Each structure stands twice: as C-alpha cells, then as structure tokens.
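Heads up, the thing below is written out as structure tokens.
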Amino acid sequence: MAAPMELFCWAGGWGLPSVDPDCLAVLTYARFTGAPLKVHRVSSPWRSPSGRLPALKTRDEGTISKTQQIITHLRKQKYNADYDLSATQGADTLAFVSLLEEKLLPVLIHTFWVDAKNYVEHTRKWYAETIPFPLNFFLPNCMHKQHVERLQLMWGDGYMEDEEKLEKELYRDARECLTLLSQRLGSQKFFFGDSPASLDAFVFSRLAPLLKAKLPNGKLQQHLKSLQNLCNYCTSILSLYFPWDGGDPPTSAPRVGGAEGGDAEEDPHKRRNQLLSVLVGLAAMLGYAFLSGIVSIQRGAVGPAGRQPIALEEEEEEEEE
C-alpha cells in the first residue's frame, strides 16, 4: 500500500481547522474530494519540510508548497472537485477566483496584518501564543513585514503616497466583492448547486477567517455578517466537513510549545526543530548582548604580572558555532 500524502499546515484556532487562508483552502479541497492525507497541524513553518506552509509531501514529486500547485497535484491523483462542472462553470470558477485574489485578498491582508489595532491585539497575539519559544519573539514580526511587502507589490508605488484614500477604495471594492458573491450564491448550498467545487474551497477559505476572528476593528467583517447567506454558507461547510476540527485546544489540556492538531501528534522533524530553536535563541541572545553593549570583546596586550583579560565572549562565539 502506497504511503499517504502528508500535508503540513498552520494549526487551528478561532473555531477553524487552520487560521491561514491558503492552508484552509487546501484542507477544505481535500475534505471535499476525500483525498487521503496525513495532516500535520504545526505551529511554525520550520516544522514543514519546505519551510513554508502549506506544504504537501508526496512520494513522486517531492514537496509542493504553493496552494494552486497542491490542488493541481490532487487533481492529477484523481481527486477532482470540478469533475462534473460544465465549460461555463469552469470559466466562472476562474473568474471568481481571480476576483477573490484581486479584490478581496489584499483587504484581508490589510485587515489582519496591517491594521495596527487588529495586528497588535489579535493577529500577533495569536501567533505569539502559538509559535514555540524562542521563535515567537521574532517570527510574527517577520511575517508582518512579509505581508506588508506583499501588499505594497499588490497596490503599487502609490501605496505610501495616499494610503488613506487607497484604503477606502480597496475596502469599497472588497465590500462589492462580498455582495457579488452573496448574489451569486443566492439560496444554493454551494456555488454550483448541491455539490462543492474548488471555487467553494477558495471562497470558504477567504471568508471563514474573517467571519470567525474576533477583530477589534472589523469594518469588513461587519459587512460580511450582514450577508446572511454567506454566513450560513461558512457555518454549513464547517459543520459538514470539519465537525471535530474546531482548532482551539480544550481548556483542560495545557499548550506546550504551540498548538498542533490531533491528526499528527508526532512531529516528524522534532530533533531538527529543537536544534534550530536552540541555535536561534542563542544567536538572538548574543546579538542583543553585543548590540546593547552588555557584552564586548576586549583585545589587548598582556596586563601586569602576566594577567590576561578573561575572553568569555570569544568562548561563547565558539560554542555557538
């Protein structure tokens, strides 16, 4: 029997099986199609074989780390949620996915990672509590910087010139996108009838985090909650396909080194990650000590009576290497 494919994704939270939209899209597509995956819900990208999340470890093609490429690979393995779609429905899928990426995704990034109140009180707080020590001291800030740079690439050079005006326009476009999705869904169970397709995986993965997160500044969230059919749609998918994957650990179980899902309690890279954590923590402490002037390296001639300065700092550097 062939070894199952292994999916590495961010841990769950906020009542979701994963808090990351890309990871949630892959998880949802896999549930729709019944793809046999061994799921590792991890609390750091360093626990992925590629260093990125999501990541699909396959037998024939190595590790795949891009959402669309993972879904394409699952289709090649005959797990195709779009098998019964017509040519027109296939074209609609491409159009709506493009709409989501162009109009909704930038505002979602802004809502969770750029809006100062949401980032400090919600997003950074969750990741800092989930990511294991000592990575939780700097990984959330690194992720914040990456998302800001990604947003600048999406919005172009005019992003910093009149940020407030551009933000208003983009939030207006995002609200129109949500309204259009609501009108397209109507009273249907899924976007193309009674069976889910890849479009449903993408729409759900973008809407569910926005719906479930407890955001202190929820401008776009309030508009989503006013569209009842989209709220029911997300709730229905959660109850049908993730009835036991709420994501939040039980209160009686203490969290040790981050939250990982029950699908894979054993970390396949435990020894490597422990070593990396120790090295990173040591490097961070040494760097802080040198930059703050707490520790310095003294080089000079031998003092009187043959006494030499104690080279403690140099010994620490050699130990780190």
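The values are calculated or read from the model by the stated rules, or taken from the named source; none is laboratory data. Predicted, not measured: the structure shown is a model, and the values here were computed from it. Virtual Cβ from ideal backbone geometry, glycine too; neighbours counted across all protein chains shown. Surface accessibility is based on the protein's heavy atoms, side chains included, excluding ligands, DNA and RNA. Shrake-Rupley method; radii C 1.70, N 1.55, O 1.52, S 1.80 Å.
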What distance in nm separates the two pseudo spin-label positions at residue 236 and residue 78, each 7 Å out from Cα along the beta-carbon direction? 3.0
Residues whose built amide H sits under 5 Å from the amide H of residue 63, excluding neighbours closer than 5 in sequence, are 58
Could you please put 59, 150, 52 in sequence from largest to smallest accessible area, using a 1.4 Å probe? 59, 52, 150
Per-residue HN-Hα couplings for region 101-118 [Karplus 6.51, -1.76, 1.60; θ = phi - 60°; Hz; x = Gly/Pro]: 5, 8, 9, 9, 4, x, 6, 5, 4, 5, 4, 8, 10, 10, 3, 4, 5, 5
Residue span residue 189 to residue 69: 0.36 nm per residue of separation minus Cα-Cα distance leaves a gain in nm of 40.5 nm
As an exercise, identify the trypsin sites (Lys or Arg not before Pro) in region 71-117 lying in DSSP coil whose Cβ has no more than 14 other Cβ atoms within 10 Å. 78
Skipping prolines and chain starts, which residues have an amide H placed within reach, meaning under 5 Å, of the one on residue 40, given they are 5 or more residues away or on another chain? 7, 8, 9
Starting from the Cα of residue 59, step 7 Å toward the Cβ, then list every residue of region 14-40 with an amide N under 14 Å from that point. 36-38
Nearest 0.05, what FRET efficiency do residue 244 and residue 164 give at R0 = 51 Å with Cβ-Cβ as r? 0.70
Can you list the chymotrypsin sites (Phe, Trp or Tyr not before Pro) in region 42-89 that are in a DSSP coil and have 11 or fewer other beta carbons within 10 angstrom? 83
Please give every one of the lysines within straight-line cross-link reach of residue 225, meaning a C-alpha to C-alpha distance under 23 Å, and leave out same-chain neighbours fewer than 8 residues apart. 103, 117, 168, 189, 212, 214
Determine how large the accessible area of residue 72 is when every protein chain is in place; take a 1.4 Å probe and give Å² rounded to the nearest 10. 50
Between residue 38 and residue 176, the FRET efficiency computed from the C-beta separation at R0 = 41 Å comes out, to the nearest 0.05, as 0.55
With the cut-off at 1.5 for a/c, could you classify region 125-240 from its C-alpha gyration tensor as rounded, prolate or oblate? oblate
Given axes a ≥ b ≥ c from the Cα gyration tensor, I'd like to know whether region 1-117 is rounded (a/c under 1.5), prolate (a/b larger than b/c) or oblate. oblate
Accessible surface of region 49-153 [probe 1.4 Å, protein heavy atoms]: carbon and sulfur percent: 52
For region 108-190, which chymotrypsin sites (Phe, Trp or Tyr not before Pro) pass both filters: DSSP loop (anything but H, G, I, E, B) and at most 11 other C-beta atoms within 10 Å? none
Quick one: grab the alpha carbon gyration tensor of region 51-118, order the square roots of its eigenvalues as a ≥ b ≥ c, and give me rounded if a/c is under 1.5, else prolate or oblate depending on whether a/b is larger than b/c. oblate
Roughly how many Å is it from the Cα centre of region 32-79 to that of region 202-235, as a whole number? 26
